[in-house]
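In what follows, a single structure is set out as structure tokens and then discussed.
The values are calculated or read from the model by the stated rules, or taken from the named source; none is laboratory data. All values derive from a computational prediction rather than experimental measurement. Counting neighbours? That spans all protein chains shown, and the Cβs are built from the backbone with ideal geometry, glycine included. Ligands, DNA and RNA are excluded from the accessible area calculation, which covers all protein heavy atoms including side chains. Shrake-Rupley method; radii C 1.70, N 1.55, O 1.52, S 1.80 Å.
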Amino acid sequence: MRQDNTFTLTDNRTGKKYEYAIKEGSRGPAAVDMRTFFKDTGMFSYDPGYTSTASCSSSITFIDGEKGELRYRGIPIETLATEHNYLDTCYLLLNETLPTDNERLQFDLELRHRAFLHEGLRNLFNAFPDNAHPMATLSAAVTALASFYDEHLDICDEAEYTEMASRIIAKIPTIAAFAYRHSLGIPFIQPDIDLSFTKNFLTMMRAYPGGKMHLGPLGHEDIKEVEVRALDTIFTLHADHEQNASTTVVRGVASTGAHPYVAIASGISALWGRAHGGANESVIAQLESIGSVENVEKFIARAKDPNDDFRLMGFGHRVYKNFDPRAKILKKLQDELKVTLGLNSELMEIAAKIEETALNDDYFISRKLYPNVDFYTGIILTALKIPKNMFTPIFVIGRTVGWITQWIEFKKDPESKIARPRQLYTGK
Ligand code: CMC
């Protein structure tokens, strides 16, 4: 019997009709269940870049790209960024609820204890040239980490996968900081169990052995609380973003049964590209190459030229067609940091000019191209004296919880299958 919640497709060559169920989510667009389409019709659906494909059902993150809305487990990103911190966000993603005071304390302690790396892993860093990009070292070290922990995880055993998740979230900042220090040829700083997640990372990046900060004119320049909060906000905003390119890679690797940390390492590699997380590094490199406010118009003209492959880094998004809510939070943060840290760099002026010009230009308006999260993270991280090659590793630190939460969801989902798309063959 024909039902209302179905979708009928007609093959106009034969007049044959095919009916598919419409699956309703809790919010957002519904999806036509096409799983039997090939069996029914002998044809594939064609969708390069998956612009119209829901590859799974998920209850982790919701995005409304038209409204500029982002929620983790139903909670608006604005609430998490202003009233909570990154560890609360991690707990929320993994456990579906925010922690109680006691749960927060236990989770924090667990991450502090798990931040250390196996001594054997240290040797791996020496295999990389001094000038290695920290993303290369990071991805390799996470793959190596898989060999230190049992790959036969029982997904029905909550304690096992919770431990696996906490371990990778806790160790990623240490690996990232070690990768950075190796790239400078300076000694590693071990995690400090007395420090919070975010402060610990900044310390492992900046400190001299013995935990001292570098000397300024008035003595040791300790890490400022405002810097810790800014970085923590960046981690929170990056924590998850539903089925983005790197998460799709993580789920794809999960579908083959590979070790979860290998799936994360693959996600790191996918994130590195400048169309994705690598954009934060490219934004600053681009601002530097623009050089001065007077050159902005020239570069905007290049971005609009269909014969030039130059793109404005930090602009545009596959899903957000109004504004990126993460960018809105970061713009506010950037303006606050300008006052509290007394910043006013030429790069900031160039960025402000680009933003103003693009937002009033019909090319960008008609294509709904707005500044995205990476447009502002690069500027804020520069203000926090973090070197360019660490911007994408910082994205990795934030996103690890999202990847591992999506890995767990994939493993628990009875509808999960190996990721194995087909093709429209055009060869000989
Ligand atoms: N500068 C100039 N033109 C652009 C840009 C840009 N940054 N982004 C898109 N366009 C144009 C594009 O040329 C196309 O124009 P036309 O219709 O005339 O051919 C139109 O806008 C649609 O672009 P698209 O490439 O079909 O859009 P997409 O959804 O496939 O790509 C994107 C999204 C983010 C890869 C792209 O906007 C881009 O390359 N942006 C710059 C890189 C960047 O900032 N990436 C970070 C994304 S946010 C964080 C993350 O996901 O990690």
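Among the aspartates and glutamates, select those whose C-alpha is under 12 Å from the C-alpha of Lys304, and discard any that sit fewer than 8 residues away in the same chain.
Asp361, Asp362
Trypsin sites (Lys or Arg not before Pro) within the stretch 17-74: which are DSSP loop residues with at most 12 other Cβ atoms inside 10 Å?
Arg27, Arg35, Lys67
Of Ile329, Ile193, Ile408, which has the largest mean-square fluctuation in a 10 Å C-alpha GNM of the chain?
Ile193
Loop only per DSSP, at most 14 neighbouring Cβ atoms within 10 Å: give me the chymotrypsin sites (Phe, Trp or Tyr not before Pro) in the stretch 1-67, ordered by residue number.
When the chymotrypsin sites (Phe, Trp or Tyr not before Pro) of the stretch 1-67 are filtered for loop state and at most 14 Cβ neighbours within 10 Å, Phe44, Tyr46 remain.
In Å², and per residue, what accessible area does the stretch 6-98 have when probed at 1.4 Å with the other protein chains present?
61 Å²
Largest first, how would Leu94, Leu145 line up by accessible area (1.4 Å probe)?
Leu94, Leu145
Most mobile of Asn307, Asn360, Asn126 per a Gaussian network model of the chain (Cα springs, under 10 Å)?
So, out of Asn307, Asn360, Asn126, the one fluctuating most is Asn307.
Express the accessible area of the stretch 165-262 per residue in Å², computed with a 1.4 Å probe while the remaining protein chains stay in the model.
Value for the stretch 165-262: 35 Å² per residue.
For the stretch 75-271, what class follows from the C-alpha gyration tensor (a ≥ b ≥ c being the square roots of its eigenvalues): rounded when a/c is under 1.5, otherwise prolate if a/b is larger than b/c, else oblate?
Oblate, because a/c is 1.5 or more while a/b does not exceed b/c.
Using a 7 Å offset from the Cα along the Cα-to-Cβ direction at both Met43 and Asp413, what is the distance between the two label points in nm, to one decimal?
2.6 nm
What is the chain by shape, rounded, prolate or oblate, if you read a ≥ b ≥ c off the alpha carbon gyration tensor as root eigenvalues and call it rounded for a/c under 1.5, prolate for a/b larger than b/c, and oblate otherwise?
Oblate.
For the stretch 71-216, with all protein chains present and a 1.4 Å probe, just round the carbon and sulfur fraction of the accessible area to a whole percent.
The computed percentage sits at 51.
Please report, in debye to the nearest 20, how large the charge dipole of the chain is about its Cα centre when each Lys and Arg carries +1 at its beta carbon and each Asp and Glu carries -1 there.
Around 1160 debye, computed over the chain.
Note down the nm distance, to one decimal, between modelled labels 7 Å out along Cα→Cβ at Arg229 and at Thr10.
6.2 nm
Considering the chain as a Gaussian network with a 10 Å cut-off on Cα pairs, which listed residue, Leu87, Leu121, Leu231, attains the greatest mean-square fluctuation?
Residue with maximal mean-square fluctuation among Leu87, Leu121, Leu231: Leu121.
As an exercise, use a Förster radius of 41 Å and the Cβ-Cβ distance of Val32 and His113 to find the FRET efficiency, rounded to the nearest 0.05.
Working from the Cβ atoms, E equals 0.30.
Pairs of alpha-carbon atoms within less than 8 angstrom and 6+ residues apart define the contacts here; what relative contact order does the chain have, in percent?
Answer for the chain is 20 percent.
Report Cys156's accessible area, 1.4 Å probe, all protein chains in place, as a number in Å² to the nearest 10.
Roughly 120 Å² of Cys156 is accessible to a 1.4 Å probe.
Which value, in Å² rounded to 10, gives the accessible area of Lys385 with a 1.4 Å probe and all protein chains present?
120 Å²
First check a/c for the stretch 3-69, with a ≥ b ≥ c the square roots of the eigenvalues of its C-alpha gyration tensor; if it is under 1.5, answer rounded, and if not, answer prolate when a/b is larger than b/c or oblate otherwise.
In terms of gyration-tensor shape, prolate.
Lys16: which lysines have alpha carbons under 25 Å from its alpha carbon, excluding same-chain residues fewer than 8 sequence positions away?
Lys39
Compute the relative contact order of the stretch 75-271 as a whole-number percentage, counting only Cα pairs closer than 8 Å that sit 6 or more residues apart in sequence.
26 percent
With labels modelled as points extended 7 Å from the Cα through the Cβ direction, what inter-label distance (nm, one decimal) is found for Thr79 paired with Ala258?
So the two model labels end up 3.7 nm from each other.
Counting Lys and Arg as +1 and Asp and Glu as -1, what is the net charge of the other residues whose Cβ lies under 13 Å from the Cβ of Ser282?
In short, 0.
Of Ile172, Pro129, Phe197, which is farthest along the charge dipole of the stretch 75-271 in the positive direction, counting Lys and Arg as +1 and Asp and Glu as -1 at C-beta?
Value: Pro129.
Just going by the charge dipole of the chain, with Lys and Arg at +1 and Asp and Glu at -1 on Cβ, which of Asn307, Ile365, Thr51 is farthest out on the positive end?
The Cα lying farthest towards the positive end belongs to Asn307.
Express the carbon and sulfur contribution to the solvent-accessible surface of the stretch 309-373 as a percent, rounded to the nearest whole number, probe 1.4 angstrom.
50 percent
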